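The values are calculated or read from the model by the stated rules, or taken from the named source; none is laboratory data. What you are looking at is a predicted structure, and each value in this text was computed from that prediction instead of being measured. For neighbour counting, all protein chains shown are included, and Cβ atoms are generated from backbone atoms with ideal geometry for every residue, glycine included.
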Amino acid sequence: MKIAIINGPNLNLLGTRETSIYGAQTFDAFFESLKQKFPTVEFHYFQSNIEGELVDEIQRVGFSYDGLIINPAAYTHTSVAIGDAIAAIKTPVIEVHISNIFGREDFRKLSHVSAKSIGVISGLGLKGYALAVEYFQQD
Ligand code: CA2
């Protein structure tokens, strides 16, 4: 099974700043533990701070992978282009947010991605990514 994980802008800073909201673990450290937890899954990880690069990567993985786990970060709330890219691909998508976007500022309650995804996991920390992998494995 091939699963892609795509993270959006500023998530490269995880574990270094705003640890009260996003936790103290770097994504690289978490990704290593994820690969150990699911040794049979072939993972591909991509992070970018650039909207068009995220669209390109969604299109690149979106016809050959078994699952896409995406945290578009702030682009969740602004990017029609990322929402359109997710609607255009064949690979099923789970939207993940580390924090609970429904318990924060009102502008975070709008997502251009949720309606095009099979589901949303929000507020469960990095564990949300592992739960999304479990879902794809059972599916
Ligand atoms: O909770 C999430 O996963 C978010 O997608 C994170 C985004 C935010 O804009 C969304 O509303 C919710 C922000 C990512 C910023 O990540 C940082 C990590 C460490 C230090 C600073 C920023």
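Is there a residue in the stretch 52-68 that is of a type in the set (Lys, Arg), free of Cβ contacts under 8 Å to residues at least 24 places away in the same chain and assigned to a loop (DSSP other than H, G, I, E, B)?
no
Assuming Gly83 fulfils every condition listed in (1) near the ligand (Cβ under 10 Å from one of its atoms); (2) at pLDDT 95 or above; (3) in a helix (DSSP H, G or I) apart from one, which condition is it?
So Gly83 meets the others, but not (1).
Considering only residues of the stretch 1-47 that are within 16 Å of the ligand (Cβ to nearest atom), assigned to a loop (DSSP other than H, G, I, E, B) and of a type in the set (Val, Ile, Thr), which is farthest from Leu131 (Cα to Cα)?
Thr16
Please find, among Ile70, Ile98, Ile50, the residue that is closer than 16 Å to Asn12 by Cβ, within 16 Å of the ligand (Cβ to nearest atom) and out of contact with any helix residue (DSSP H, G or I) (no Cβ under 8 Å at 6 or more places or on another chain).
Selected residue: Ile50, the only one of Ile70, Ile98, Ile50 that is closer than 16 Å to Asn12 by Cβ, within 16 Å of the ligand (Cβ to nearest atom) and out of contact with any helix residue (DSSP H, G or I) (no Cβ under 8 Å at 6 or more places or on another chain).
Kindly list the number of the only condition in (1) within 15 Å of the ligand (Cβ to nearest atom); (2) exposed (fewer than 13 other Cβ atoms within 10 Å of the Cβ); (3) more than 18 Å from Lys127 (Cα to Cα) that fails for Lys90.
With (1) within 15 Å of the ligand (Cβ to nearest atom); (2) exposed (fewer than 13 other Cβ atoms within 10 Å of the Cβ); (3) more than 18 Å from Lys127 (Cα to Cα) applied to Lys90, the lone miss is (1).
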